[in-house]
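Data block below; observations after.
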Amino acid sequence: MNSSSIATADITVDGTGLLCVTLLMKLRARIDGAESGSVVHVIATDPAALPAWCHMTGHTYLGPVPDPDRDVYALRLTGGALATRPDAPWHPDGRRDETQG
């Protein structure tokens, strides 16, 4: 994946200063109902959970986005991704998310 293919975001989530748990809660809320294939940029000072969360849910982690001013990471939403609990996005809610595909 080259940087030009992830340079344009459909959705941006600003998680500056948030710990990974709070970041995932904000990310989950922001992408709820978004279209499959959407590229999401996450501005994060604590991005450690992003790759694992993407692996768990089925979304595609694209990696860091070149940005001289902040730490930005990209992911692509996948149709049929595993839904997570709104209050605990690191736990699956046991169903496939029908809004993602």
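I'd like the projected area of the chain, averaged over all directions, using the convex hull of its alpha carbons. Report it in nm² with one decimal.
5.6
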LYS26 neighbourhood, Cβ < 15 Å, K/R = +1, D/E = -1, net charge -1
Which residue fluctuates the most in the chain, going by a Gaussian network model with Cα springs under 10 Å, if the choices are VAL21, VAL72, VAL42? VAL21
Tally up the carbon and sulfur contribution to the accessible surface of segment 35-74 as a whole percent, 1.4 Å probe, everything protein left in place. 51
GNM on the chain, C-alpha springs below 10 Å: top fluctuator among PRO68, PRO86, PRO47? PRO68
Summing Lys, Arg as +1 and Asp, Glu as -1, what charge do residues with Cβ under 13 Å from the Cβ of LEU75 carry, LEU75 excluded? +2
Over segment 12-101, calculate the relative contact order: mean separation of alpha carbon pairs under 8 Å at least 6 apart, over the residue count, as a percent. 30
ASP14, ASP67, reordered so the largest accessible area comes first (probe 1.4 Å): ASP14, ASP67
The chain: angle of helix 20-31 to the longest principal axis, Cα-based, in degrees nearest 10: 80
Extension gain from ASP69 to ARG85, taking 0.36 nm per residue of separation minus the Cα-Cα distance: 2.5 nm
Might you tell me the accessible area per residue for the chain, computed with a 1.4 Å probe and given in Å²? 53
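The values are calculated or read from the model by the stated rules, or taken from the named source; none is laboratory data. What you see is a predicted model, and the numbers here were worked out from it, not measured in a lab. Every residue, glycine as well, gets a Cβ built from its backbone with ideal geometry; the counts of neighbours run over all protein chains shown. Calculation scope for accessible area: heavy atoms of the full protein, side chains included, ligands and nucleic acids excluded. Shrake-Rupley method; radii C 1.70, N 1.55, O 1.52, S 1.80 Å.
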